[in-house]
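The values are calculated or read from the model by the stated rules, or taken from the named source; none is laboratory data. Computed from a predicted model, the values in this text were never measured in an experiment. Because the Cβ atoms are built from the backbone with ideal geometry, glycine has one as well, and the counts that use them run over all protein chains shown.
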Amino acid sequence: MSSKKLVTDGRPARNKEGKAREHAPFLFLLPALLVVFAVLIFPIIFSLIVSTFDWPLSEGAGARRFVGLGNYIGLTKDPEFWNSLKLQLGFIFVAIPLELLLGFAAALLLNREFFGARLVRSLLLLPVFFLPILSGMTWRFMLQPRYGPLNALLLKLGAPEITWLGNPVTAYIAIIIQDIWRMWPFMFMLLYAGLTAIPQEMIEAAEIDGAGFWKKLRSVIIPLLTPTILTAILLRIIDALRVFSEVYVMTEGGPGTSTMLFSLYTHRQAFGYQKVGMASSMAIFLLILSIVFALTLVRKNMSLDVLEEKAGG
Amino acid sequence: MKKALFMLLLAVAMVGMVSAQTINVLFWDDAYPRTLMERIPEFEKATGIKVNFEILQPPQVFTKTSVAVGKDKTDYDLVCVDEGNIPLFASLMLPYDQWAPGKVFKKVDPSTVTPAMLDVAQWDGKLIGLPINGNLYVWMTRKDLIENPKYKAEFKAQYGYDLGVPQTLQQMLDMGTYFYKNGIVSGGFGPFNGGPAGVFGEAIFMWESFGTHFIDYVNGKPKLVVDKAKAVQGMEFYKKLMAISPKGAETMAHVERQAAFCADPKGVFTQFIWPAQIASYEDPDKSLAAGKIVYSAPPSGPAGRFAIRGTWAVNIPLASKNKDAAAEFVYWWASKDIATWLVEKNTVPARTDALTNPKFAASKPWLAAIADSMKYAAARPRFKEVAQVQDIVKKYWIMGITGQMPTADAMQKIMDETQDVLKKAGY
């Protein structure tokens, strides 16, 4: 009966079916889209709206006042905002390259089989599993002038005690070292996985052509590993842009404001000064900064043809 | 029969409803509320009110209160507010005179609170909640050090007066310098610079001691009234104290100060303490200094003696649906019976009758010092934008006392940037 109807009245039925087919993907995507909207798009839109208000946190929504771009203009005039941005970028541009170097060197070194290799590779990953807040606390106590093991070692070596977290320069260095210690194994993990995926024949071919270690590294390994390297850098930048708890417990942004990273200052604006609108405008700024980083790196990362050409050359 | 059964069920349901009343309470984390927790089951049994309590570090209490307590809704029926934050939350809290009378426990008469503490919960001429602890600077000096015959003789020979509990800042500097030279490395002043509120307390203490207020209320508005010359003197003096203080004092918070005082075999000569922490310092399992501490009021500066206050008030949010039950809990907590028991447990409530109870005079030597300090209680300035000012003071105070910036320049920066904050806030 129905097939007959389909034959006699084929065109409308096909249209109906076609429409259903057209809509089906959207229906299947709808739950995921709703989730993305709820946890990603809505908060961004909400933050954007909040950023246009002078909104004292403790007084609630009733006390808010529309200020348009006032918060953004206020930020540009706030020296602490620029200071925190400078510190945040410095943190990223110092910590991440060093983590990359360490991770890459360890990956090259451990990309071979020897007795206990698996155990060594697994143990190297341990710092990544540390909760950032615990890492920060541990480092804080380790760097204590009087009771910290680092100063005890220095004293035994005849060096003077150093107030690591009391000096603006050493405190900034300390938070960077803490991050490097905790996150370089993350770089190692990704780069090691990338290295194992490089076809062995290509390395052997290079060796037959007489390439030494550095030549192989420059002409084969790095070009083939570039997508992995860029992915690792991108993931670390995203992570480093929102670094908070470990620095908060180590220095609380001090001494003075010498380690007041962007995320700490955003927190201070929201929960210290109770300026939710200002904090939201900082969050939007951070979002734009993240997008710039991501677009730059993803665009490079996705140019696989170029990379393959490079590797082939 | 059916009617009787119905009545019975109704009665059971009503009892169930009453006994199921629950209040959510937000505590700050230190020995005092933790001690109180031991007795909460008794309160629950006596009233049928269940107490859900959350305990957080003071900065997190502030954050949580900011987020969870609003004009129209609240996650908590009772919150503890640090005195500096009363201006921010006052409009969200039920004034104490509107708290209901207690059903099981009698409403606490505010006059039972020590006068020095009562001011903590006052805002805009109203009492916003009830001060609940007696926290203000008290001085600790190591008895075994100042009674050591060798130290006593040497000090007298060098400085011409007796070694003892420092009565003035100058004496504290002299004695601290003497101990520092004698290898008691952490001897001297133990500054408290861990966070903005701590630094602000230290700065206000020194400025008051050297004869200047920082901010006063003039015509109902906060106004910068600091005398720069006197403030710089205070900062310069603190810089000298830093030289005899433990390494890294500029980064020390409570945990490091406690470690220095309690765990260092050589000991710390003298430092201030919040009475709320005395229980830890006097616990022989945690402290090498337990039983060796003399308590006193803070040493005086050229302008007099000042004890910075840092007390908590308990407040009921206007939006709470369990105001009566929350009030009942406070009446129990602030009752004479519980306050006396809290003193017995080495904590410090705000009730005068508990703090001055003669039965504790011999066993709790700090109580007399607290009572003495209360005569000199000084508050940190309070206004809505105080967090911004605290950050400014923290930044330049640390730069000044550690020599990263000349003290006069640091003070000028503090004044200029504070003025800017006050101006932007419309004062």
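Conditions tested, residue by residue: (1) under 14 Å from residue B:318 (Cα atoms); (2) modelled with pLDDT of 90 or more; (3) buried (at least 21 other Cβ atoms within 10 Å of the Cβ).
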{"position": "B:22", "(1), (2), (3)": "no, yes, no"}
{"position": "B:38", "(1), (2), (3)": "no, yes, no"}
{"position": "B:55", "(1), (2), (3)": "no, yes, no"}
{"position": "B:72", "(1), (2), (3)": "yes, no, no"}
{"position": "B:75", "(1), (2), (3)": "yes, yes, no"}
{"position": "B:81", "(1), (2), (3)": "no, yes, yes"}
{"position": "B:97", "(1), (2), (3)": "yes, yes, no"}
{"position": "B:100", "(1), (2), (3)": "yes, yes, no"}
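Among the conditions (1) more than 14 Å from every other protein chain (Cβ to nearest Cβ); (2) over 20 Å from residue B:333 (Cβ atoms), the only one that residue B:60 does not satisfy is (1).
Once the range A:133-150 is narrowed to residues that are of a type in the set (Gly, Ala, Ser) and not in a loop (DSSP other than H, G, I, E, B), the residue that is farthest from the other protein chains (Cβ to nearest Cβ) is A:135.
Taking residue B:199 as the residue in question, decide whether it is buried (at least 20 other Cβ atoms within 10 Å of the Cβ), touching a Lys or Arg at 6+ places or on another chain (Cβ under 7 Å), not assigned by TED's automatic domain parsing to the domain that holds residue B:250 and not acidic (Asp, Glu). Write out each step before concluding.
Working: buried (at least 20 other Cβ atoms within 10 Å of the Cβ): yes; touching a Lys or Arg at 6+ places or on another chain (Cβ under 7 Å): yes; not assigned by TED's automatic domain parsing to the domain that holds residue B:250: no; not acidic (Asp, Glu): yes.
Answer is no for this residue.
Taken together, B:250, B:208 contain a single residue that is within 14 Å of chain A (Cβ to nearest Cβ), buried (at least 18 other Cβ atoms within 10 Å of the Cβ) and either at pLDDT 85 or above or assigned to a helix (DSSP H, G or I) (or both), which is B:250. Of the candidates A:149, A:160, A:199, A:145, the single residue that is crowded, with 20+ Cβ neighbours inside 10 Å, assigned by TED's automatic domain parsing to the domain that holds residue A:235 and not charged (D, E, K, R) is A:145.
Name the one entry in A:97, A:25 that is modelled with pLDDT of 95 or more and either surrounded by 17 or more Cβ atoms within 10 Å (Cβ to Cβ) or away from chain B (no Cβ under 14 Å) (or both).
On the way: A:25 fails: modelled with pLDDT of 95 or more.
Answer to the check: A:97.
Taking the range B:212-236 as the range and being assigned to a helix (DSSP H, G or I) and touching a strand residue (DSSP E or B) at 6+ places or on another chain (Cβ under 8 Å) as the test, only B:234 passes.
Can residue B:348 be described as within 22 Å of the chain's Cα centre (by Cα), at pLDDT 95 or above and either of a type outside the set (Gly, Ala, Ser) or under 30 Å from residue B:47 (Cβ atoms) (or both)? Answer is no for this residue. The number of residues in the range B:90-125 being of a type in the set (Asp, Glu) and closer than 23 Å to residue B:348 by Cα comes to 2. In the range B:160-174, how many are in a helix (DSSP H, G or I) and aliphatic (A, V, I, L, M)? Residues meeting the conditions: 3.
With respect to the conditions (1) small (Gly, Ala, Ser); (2) within 12 Å of chain A (Cβ to nearest Cβ); (3) surrounded by fewer than 17 Cβ atoms within 10 Å (Cβ to Cβ), residue B:361 falls short on a single one, namely (2).
Within the range B:63-97, being aromatic (Phe, Trp, Tyr), out of contact with any Leu (no Cβ under 6 Å at 6 or more places or on another chain) and away from chain A (no Cβ under 11 Å) holds for no residue. Among the residues of the range A:214-232, none qualifies, meaning not one is surrounded by 17 or more Cβ atoms within 10 Å (Cβ to Cβ), away from every other protein chain (no Cβ under 14 Å) and assigned to a loop (DSSP other than H, G, I, E, B). Looking only at the range B:367-390, decide whether some residue is away from chain A (no Cβ under 14 Å), of a type in the set (Phe, Trp, Tyr) and surrounded by fewer than 24 Cβ atoms within 10 Å (Cβ to Cβ). Scanning the range B:367-390 turns up at least one residue that is away from chain A (no Cβ under 14 Å), of a type in the set (Phe, Trp, Tyr) and surrounded by fewer than 24 Cβ atoms within 10 Å (Cβ to Cβ).
Scanning the range A:100-130 for residues that are without any contact (Cβ under 8 Å) to a residue 60 or more places away in the chain and not in a helix (DSSP H, G or I), we see that the one that is surrounded by the most Cβ atoms within 10 Å (Cβ to Cβ) is A:130. For the range A:251-266, the set of residues classified as in a helix (DSSP H, G or I) and at the interface with chain B (Cβ under 9 Å from one of its Cβ atoms) consists of A:251 only.
For (1) touching a residue at least 60 places away in the same chain (Cβ under 8 Å); (2) of a type in the set (Ser, Thr, Tyr); (3) crowded, with 21+ Cβ neighbours inside 10 Å; (4) within 11 Å of chain B (Cβ to nearest Cβ), each residue gets a yes or a no:
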site: A:241; (1), (2), (3), (4): yes, no, no, no
site: A:245; (1), (2), (3), (4): yes, yes, no, no
site: A:249; (1), (2), (3), (4): yes, no, no, yes
site: A:269; (1), (2), (3), (4): no, no, yes, yes
site: A:275; (1), (2), (3), (4): yes, no, yes, yes
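Restricting attention to the range A:151-190, the residues being touching a residue at least 60 places away in the same chain (Cβ under 8 Å), more than 14 Å from every other protein chain (Cβ to nearest Cβ) and under 19 Å from residue A:252 (Cβ atoms) number 4.
Residues in the range B:212-229 that are among the aliphatic types (A, V, I, L, M) and at pLDDT 95 or above were compared, and the one that is farthest from residue B:382 (Cα to Cα) is B:229. Number of residues in the range A:84-121 that are within 30 Å of residue A:242 (Cα to Cα), more than 17 Å from the chain's Cα centre (by Cα) and aromatic (Phe, Trp, Tyr): the value is 1.
For the range B:323-344, the tally of residues that are surrounded by fewer than 20 Cβ atoms within 10 Å (Cβ to Cβ) and either among the basic types (Lys, Arg) or under 25 Å from residue B:73 (Cβ atoms) (or both) stands at 3. For beta carbons closer than 6 Å, sequence separation of 6+ or different chains, a first residue in the range B:401-416 that is farther than 18 Å from residue B:241 by Cβ and a second that is crowded, with 16+ Cβ neighbours inside 10 Å and among the aromatic types (Phe, Trp, Tyr), the qualifying pairs are B:413/B:396; B:414/B:396.
The combined condition, being in the same structural domain as residue B:346 (by TED's automatic domain parsing), at pLDDT below 90 and either surrounded by fewer than 21 Cβ atoms within 10 Å (Cβ to Cβ) or of a type in the set (Val, Ile, Thr) (or both), is not fulfilled by residue B:7.
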